[in-house]
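Working notes, beginning with the structure itself.
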Amino acid sequence: MELLHGRTTLSKFLIEHLRETQESNDLAALLVDVAAAIKAISAMAAKGALGGYLGEVDSHNVQGEVQKKLDVITNETILRHCEWGGLVAGMASEEMDEPFEIPAEYSRGRYLLVFDPLDGSSNVDLNVSVGTIFSVLRHDGDERPAFGDYLKRGREQVAAGYAIYGPSTLLVITVGRGTHGFTLDREIGNFILTHPNLRVPEETSEFAINASNQRFWEPPMQRYVDECKAGRTGPRARDFNMRWIASMVAEVHRILIRGGVFMYPRDTKDPKKAGRLRLMYEANPMAMLVEQAGGLASTGRERLLEHSPQTLHERIAVILGSRREVELIEQYHRDHDCGDDVPFSSPLFNERSLFRPEARA
Ligand code: F6P
């Protein structure tokens, strides 16, 4: 009993936390079901090769990406944990072309669950941290949800979260009242509140981007990254660190813990794609978590949570993290769109330049 004293479990937190909101206990119950799926996925991820979970299957998802065994198994795991309780009206995921309909033997609830069951799955065989990302939307009425019912703006999410399967498994959630982290106590099988009220520091000297795409970026992104790389000899007048794990959950988790900015901007590598990351089950939930922790999330030109989705699997540019950096990147996009941007190589950048960010403040 000593061990349990004073610890806040996920269920206790949700019941107390949601008591003062409009949301019903159904939302708490749904998040507990999602957490149960996450515990099962955590156990699979931890077993790795010993569980026979590594490697690929002979199929592709709707994005044309080769599916890993774990992509398929984790998708099933979430569906099975959440279909039966009368809490969701339908579910959609990265791994399914069409939304999942709740089987006739179960009743439908008042929420839609949209998720990426195993984000960063290209890292699974490497034993690098991967995760699950999810978003909860409201569904009004008793009708079976139509495709269009899923296409809600990010600001309409009632809850969002991710799990990170690293040396420890954490579940980070928001129901619109701050962002809170829970660590899985494997012996007891409970998520315990360990990171209440996460806050993204406003300022940072760390950025994350896949720099191999630099030649495909738009000028404002080229400008921002060139300036960071120039460090104290450039207009930012301080040195920056760069990180790239190629696992969005791991990058966002780092930003929630110690700040930074994560960018997967629009590029011209494949002109058919408006970005790499998916709006509904990657960008939107992460944007809500980051904003609830005091950070910002943008496409560079628009607040991510205001973007109106056109399709379920839509891709979008993502720039999120420490407020000051995201604001600066948005400013560079505005400068560019007004024909006003200044490439870093410009002689205007020097010690006395008006374009030094401090000079603009
Ligand atoms: O599908 C998303 C994802 O795996 C993210 O988790 C990650 O940030 C990104 O793609 C990695 O992209 P790249 O392969 O270009 O490094």
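The values are calculated or read from the model by the stated rules, or taken from the named source; none is laboratory data. Since the model is a prediction, treat every value here as computed from it, not as a measurement. Because the Cβ atoms are built from the backbone with ideal geometry, glycine has one as well, and the counts that use them run over all protein chains shown.
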Enumerate the strands (runs of 3 or more DSSP E) found wholly within region 256-322, keeping only those where 2 or more residues are surrounded by 22 or more Cβ atoms within 10 Å (Cβ to Cβ) and β-branched (Val, Ile, Thr).
318-321
I'm trying to understand the selection: among the residues of region 62-81, which are in contact with a Leu (Cβ under 6 Å, 6 or more places away or on another chain) and of a type in the set (A, V, I, L, M, F, W, C)?
LEU70
Being over 17 Å from the mean Cα position of the chain (by Cα), surrounded by 19 or more Cβ atoms within 10 Å (Cβ to Cβ) and not charged (D, E, K, R) is the filter here, so list the residues in region 99-117 that pass it.
PRO99, ILE102, GLY109, TYR111, LEU112
From the residues in region 60-93 that are charged (D, E, K, R) and modelled with pLDDT under 95, which one is farthest from the chain's Cα centre (by Cα)?
LYS69
In this structure, is GLY86 touching a strand residue (DSSP E or B) at 6+ places or on another chain (Cβ under 6 Å) and over 17 Å from GLY161 (Cα atoms)?
no
Only residues in region 118-129 that are part of a helix (DSSP H, G or I) and of a type outside the set (Gly, Ala, Ser) count as the first member; pair them with residues that are modelled with pLDDT of 85 or more and near the ligand (Cβ under 7 Å from one of its atoms), Cβ under 6 angstrom, at least 6 apart or cross-chain, and list the lot.
ASN123/SER247
Here is a check on your reading of the model: is TYR332 over 16 Å from the mean Cα position of the chain (by Cα), of a type in the set (Ser, Thr, Tyr) and either more than 16 Å from the ligand (Cβ to nearest atom) or closer than 27 Å to ILE164 by Cα (or both)?
yes
State which residue is nearest to ALA40 (Cα to Cα) when the search covers only region 118-147 and only residues that are buried (at least 21 other Cβ atoms within 10 Å of the Cβ) and hydrophobic (A, V, I, L, M, F, W, C).
LEU118
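For the subset of region 149-170 comprising residues that are in a strand (DSSP E or B) and over 12 Å from the mean Cα position of the chain (by Cα), which member is nearest to ASN284 (Cα to Cα)?
We begin by selecting, within region 149-170, every residue in a strand (DSSP E or B); these are 159-165, 169-170.
This time we only want the ones that are over 12 Å from the mean Cα position of the chain (by Cα), so: 159, 165, 169-170.
On the way: ALA159: 11, TYR165: 20, THR169: 22, LEU170: 19 Å.
Among residues in region 149-170 that are in a strand (DSSP E or B) and over 12 Å from the mean Cα position of the chain (by Cα), the one nearest to ASN284 (Cα to Cα) is ALA159.
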Residues GLU351, GLU358: which one is at pLDDT below 95 and assigned to a helix (DSSP H, G or I)?
GLU358
Look at LEU312 and say whether it is hydrophobic (A, V, I, L, M, F, W, C) and away from the ligand (no atom under 16 Å from the Cβ).
no
Candidates THR183, THR179, filtered to the one that is more than 14 Å from the chain's Cα centre (by Cα) and more than 24 Å from ALA89 (Cβ to Cβ)
THR183
Would you confirm, using the coordinates I've provided, whether GLU94 is crowded, with 16+ Cβ neighbours inside 10 Å, in the same structural domain as PRO167 (by TED's automatic domain parsing) and touching a strand residue (DSSP E or B) at 6+ places or on another chain (Cβ under 7 Å)?
yes
Before we move on, is THR268 of a type in the set (S, T, N, Q), touching a residue at least 24 places away in the same chain (Cβ under 8 Å) and under 30 Å from ASP149 (Cα atoms)?
no
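Sort through GLY86, GLY52 and tell me the only one that's surrounded by fewer than 22 Cβ atoms within 10 Å (Cβ to Cβ), over 17 Å from SER135 (Cα atoms) and in contact with a Gly (Cβ under 6 Å, 6 or more places away or on another chain). Give the steps one after another, and end with the answer.
Values: GLY52 fails: in contact with a Gly (Cβ under 6 Å, 6 or more places away or on another chain).
Of GLY86, GLY52, the one residue that is surrounded by fewer than 22 Cβ atoms within 10 Å (Cβ to Cβ), over 17 Å from SER135 (Cα atoms) and in contact with a Gly (Cβ under 6 Å, 6 or more places away or on another chain) is GLY86.
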Within the bounds of region 270-277, is there any residue that is farther than 25 Å from LYS152 by Cα, within 12 Å of the ligand (Cβ to nearest atom) and assigned by TED's automatic domain parsing to the domain that holds THR299?
yes
